[in-house]
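Trainee: Sharing a structure with you now.
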Amino acid sequence: MFDGFYQARFETPDGTDLGVITLAEGKKLYGGNNKLLYVGSYTRKGDNFSADVEVRPLFVQFSGEARKYVRRIRMSGRGGFQNIMCVCESSDLPGVEIKAVLERVVV
């Protein structure tokens, strides 16, 4: 079972970003960091993991401009009890290589 609390590390050519992610009820994904909110769903088949995630800025902007900063990311990878290693892609960021490592935090 992948359900649990994870430290997330996202790596792109521009650098690394950290956050936290909770996987719950065998299908829900949510989390974030000091700048972004992650909301989505995930599936598991054996050790295979896939997720569809919407990434939104945390700030509120009344003009509606914040909407253009929403990104959708597709994560796919494999995991065991401790870590899930993923490659990610986004049609909103074509050609950008994104890697993610989710490390389980025991609470």
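Laboratory data are not the source of any read-out in this text; all were calculated from the coordinates shown. Note that the structure is a prediction, hence the values are computed from the model and not measured. Here the Cβ is made from the backbone with ideal geometry for all residues, glycine too, and neighbour counts use every protein chain on show.
Trainee: Testing the spin-label approximation: label points 7 Å from Cα along Cα→Cβ at residue 11 and residue 107. State their distance in nm.
Mentor: Inter-label distance under the simple model: 2.7 nm.
Trainee: How far apart, in nanometres, would the label points at residue 45 and residue 20 be if each is projected 7 angstrom from Cα along the Cα-to-Cβ direction?
Mentor: A separation of 3.2 nm, rounded to one decimal place.
Trainee: How would you rank 102, 58, going from fewest to most other Cβ atoms within 10 Å of each one's own Cβ?
Mentor: If I rank by nearby Cβ atoms, fewest first, I get 58, 102.
Trainee: Could I ask something else about it? Which ³J(HN,Hα) values, rounded to whole Hz and listed in residue order, are derived for the stretch 10-25 from phi using the Karplus coefficients 6.51, -1.76 and 1.60 in 6.51 cos²θ - 1.76 cosθ + 1.60 with θ = phi - 60°, glycine and proline given as x?
Mentor: Along the stretch 10-25, the couplings run 10, 10, 10, x, 7, x, 10, 10, 10, x, 10, 9, 10, 9, 9, 6 Hz.
Trainee: Using unit Cβ charges (K, R positive; D, E negative) and no other charged atoms, how large, in debye to the nearest 20, is the dipole of the chain about its Cα centre?
Mentor: 220 debye
Trainee: OK, next. Express in nm, to one decimal, how much length is gained between residue 76 and residue 52 on full extension, taking 0.36 nm for each residue of separation and deducting their alpha carbon distance.
Mentor: Stretched out fully, the residue 76 to residue 52 stretch lengthens by 7.7 nm.
Trainee: If you don't mind, another one. So if I average 1/r over every pair of distinct C-alpha atoms in the chain and take the inverse, what Kirkwood radius in Å does that give?
Mentor: By the Kirkwood definition, the hydrodynamic radius is 14.1 Å.
Trainee: In percent, how large is the relative contact order of the stretch 4-105, given Cα pairs closer than 8 Å and 6 or more residues apart?
Mentor: Answer for the stretch 4-105 is 26 percent.
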